[in-house]
1. Determine which lysines satisfy two conditions relative to Lys290: a Cα distance under 30 Å, and not lying fewer than 8 residues away in the same chain.
2. Any aspartates and glutamates with Cα under 16 Å of the Lys317 Cα? List them, leaving off those in the same chain fewer than 8 positions away.
3. With N denoting the number of residues in the chain, provide Rg(C-alpha) divided by 2.2 N^0.38 Å, to two decimal places.
4. Label points 7 Å out from Cα along the Cβ direction at Asp280 and Gln139: separation in nm?
5. Just to be sure I understand: with springs between alpha-carbon atoms less than 10 Å apart, which residue in Val286, Val378, Val348 has the highest mean-square fluctuation in the Gaussian network model of the chain?
6. Determine the gain in length on full extension of the stretch Glu301-Asp330; use 0.36 nm per residue of separation and subtract their C-alpha separation, reporting nm with one decimal.
7. Just report the Cα centroid separation between region 76-123 and region 159-223, whole Å.
8. If the only charges are +1 at each Lys and Arg Cβ and -1 at each Asp and Glu Cβ, what is the size of the charge dipole of region 74-169 around the Cα centre, to the nearest 20 debye?
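What follows draws every value from the coordinates through simple rules; no lab data is involved. Values in this document were obtained by computation on a predicted structure and should not be read as measured data. All Cβ positions, glycine included, derive from the backbone under ideal geometry; neighbour counts span all protein chains shown.
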Amino acid sequence: MRLRRKNVLVGISAGIAAYKIPVLIRLLKKEGAEVRVITTSEAQNFVTPLTLSTLSGNPVLSEFYDKNGSWNNHVELALWSDIFLLAPATLNTLAKMAHGICDNLLLATYFSMKKGKIYFAPAMDLDMYKHDSTTKNIQMLIKTGAVELPAQNGKLASGLSGFGRMMEPSEIIQKIIDHQLDNLPLKGQKCLVSAGPTYEPIDPVRYIGNYSSGKMGVAIANALFNKGASVTLVHGPIDKNLVLSGLELRPIQSAEEMQFAMEAEFDKADIVIMAAAVADYRPKNVGQEKMKKSKTEISLELVKNPDILLNLGKRKKSQILVGFALETQDEFENAKKKMIGKNLDFIVVNNPKNEGAGFEHNTNQVSIIFPNDKIKEVPKSQKSEIAEIIVDEIVALK
Ligand code: C5P
């Protein structure tokens, strides 16, 4: 599932290699990608829309307008695409891409691409492939940032042998995955994440704690790591089996230990996420020996713990700083106050009263609040999915 959550648009031009694209779509789906397909009208002579729509799970688009009169929005398609794979890319399509000719939906979508990466797999007869103008057009496209998946040497449909065969679908997918891994958006970034509860000791065998499982913070640390960052995770008692290998772990117990660990790492970090459920108070005096059971009533004197995030916010230089808020009433107002007070780039709010949200669950339901008052509501989802959405917001700030 190396392309999980990736939106892949496959653009098919009219070349005989189009017969391999159904296999390519299967492989993309197997890697977890969401797939949509555009074809030139001629391409449908080589591969049927029915096959493509059945395998991709989406209607196949080819014209600007459908028979029912609805407009196929190339701008929306381009914005949707994380990856636009043109395969096979014929001489005609490559030349139009290189020279700004836009006479079909596939090309209009190509020229509307913004954030997504473009890959193209040329396929044509050998003399067409080695023609000067093809070489120049490919060079021009590479200069614009598109990635060539070069044609291969071998037997061609014309009966000739030479360079011009489209790269095999499995190799295309491997090349895209390799390229994506080499260009992960957080490569070289140092991240510091806190997760889990803190345990505030009462005596050698007892503590004050909370029900935090650390799952949300761990999911965020994992998602940052998957985007290429190096990650240090400062954590209270959590299930370490959920943590990806490759993360640096700094286990702690109390809030004061967490503060020490976070402050030691803060200046080196580019991105800091405080997802831990830090205990607000700790026992003033910690018993050296186990407290004996005697009176019917006892009272514990508590003192306030340091607000770790508040202090980090004061020290913040160029770091992106993100906090969490767990609110049971007036959630937006209270969270906004915290975001401003703690000098955060954004804050993630959860209300544990919502079904499937908060501590211990594998799911959560959050809202992300930004300083410009934008609010992104994230419906109930797996914590791993929410983590990826939060990390995408961080990437967008970079
Ligand atoms: O003020 P409140 O505790 O609601 O703020 C929550 C945010 O502050 C969380 O990101 C939490 O990890 C952090 N926090 C902290 N130190 C504390 C209490 C909370 O860093 N003592």
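1. Correct list for Lys290: Lys240, Lys304.
2. Glu263, Glu265, Asp267, Asp270, Asp345
3. Relative to the 2.2 N^0.38 Å estimate, the chain comes out at 1.26.
4. Here the answer is 6.7 nm between the modelled labels.
5. Among Val286, Val378, Val348, the largest mean-square fluctuation in the Gaussian network model of the chain belongs to Val286.
6. Contour length minus the Cα-Cα distance gives 7.4 nm.
7. The distance from the Cα centre of region 76-123 to that of region 159-223 comes to 30 Å.
8. The calculation lands at about 200 debye.
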